Amino acid sequence: MRSSSVSPYDLQDWAKRAGFELTEETLPPLAGYLGLLIQWNRVMNLVGTRTAEDTFFTLVVDSLHLGRFLREDVEYSAAPCCWDLGSGAGLPGLPLRMIWQEGDYWMVEAREKRALFLSTVLAKYPLPGTHVFRGRAEAFMAGPPARTADLIVSRAFMPWPGVLELVKGNLNPNGVVVLLLRERLQESPDWEQAAQNWRIAGQYTYTASRTQRYLYALTAQDAL
Ligand SMILES: C[S@@+](CC[C@H](N)C(=O)[O-])C[C@H]1O[C@@H](n2cnc3c(N)ncnc32)[C@H](O)[C@@H]1O
């Protein structure tokens, strides 16, 4: 496969334009990830973007905002067990783990080739406490052993009411679900019903690629 290299210098420049400063340690793995993503994307369908720069500003930037949100606005237990359901090409998980390495983080992906891509990136750029589960989220959660999480993140996995329904029995007390959305949760016709069981514990808004985006941290109202 034709290689596709990304310059750490360009990457830092893009990050600054997006309002972030990446550490020296973050630049090589993130540049390497973007290079592999562009390379693999030529032969299999991983993401809709074609260049590293477009991928950064359209997709990776969400992980950087998510890292900031988790650090500054979200309360979660020490050493959280985190799940990233329907990780696809590693978004938000892989860039997130390059800048935020709390606890254990499971990227759960049903499609074999996508899971192979995730494992390949991790083999080349190991990230602490970061794992891939190849299979369906339902099987991952059911076990054995049955699993529970402290923090669940999900982007474009399934419509958010379905995510909440899917995970409601697998969240530890004080557990948090973080949704990455392109709509305001409170304006959704589904929110009124969801609000009977879920509370917005934190929210964060930003613009990327000319679209307004939203991060919501939800906690269960009571034991669900
Ligand atoms: C639209 S993609 C989004 C990928 C990534 N989260 C992103 O934002 O770019 C949805 C991903 O979820 C995976 N998926 C769908 N249903 C799943 C399930 N039940 N368990 C695990 N993965 C699933 C698909 O294979 C696909 O890679």
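Here, each number is a calculation from the coordinates, and none is a lab measurement. Quantities reported herein were computed from a predicted structural model and do not represent experimental measurements. Neighbour counts are summed over all protein chains in view; Cβ atoms, including those assigned to glycine, are modelled from backbone coordinates with ideal geometry.
Taking segment 121-140, which residues are hydrophobic (A, V, I, L, M, F, W, C) and farther than 20 Å from residue 217 by Cβ? The answer is 121, 122, 123, 127, 132, 133, 139, 140. Restricting 153, 177 to residues that are within 13 Å of the ligand (Cβ to nearest atom), closer than 23 Å to residue 88 by Cβ, among the β-branched types (Val, Ile, Thr) and in contact with a Leu (Cβ under 9 Å, 6 or more places away or on another chain) narrows the list to 153. Taking segment 85-139 as the range and being near the ligand (Cβ under 9 Å from one of its atoms) and among the acidic types (Asp, Glu) as the test, the residues that pass are 109, 138.
Determine, yes or no, whether residue 140 is free of Cβ contacts under 8 Å to residues at least 40 places away in the same chain and closer than 27 Å to residue 46 by Cα. No, not satisfied. Name every residue in segment 189-208 that is touching a Phe, Trp or Tyr at 6+ places or on another chain (Cβ under 9 Å) and loosely packed, with under 12 Cβ neighbours inside 10 Å, in order of residue number. Matches in segment 189-208: 205 only. Among the conditions (1) within 15 Å of the ligand (Cβ to nearest atom); (2) in contact with a His (Cβ under 7 Å, 6 or more places away or on another chain), residue 206 misses just one, which is (1). Per the listing 27, 22, 37, the residue uniquely of a type in the set (A, V, I, L, M, F, W, C) and within 14 Å of the ligand (Cβ to nearest atom) is 37. Mind checking which helices (runs of 4 or more DSSP H) fall wholly inside segment 1-74 and carry at least 1 residues that are in contact with a His (Cβ under 7 Å, 6 or more places away or on another chain) and crowded, with 21+ Cβ neighbours inside 10 Å? Those helices (runs of 4 or more DSSP H) do not exist here; none qualify.
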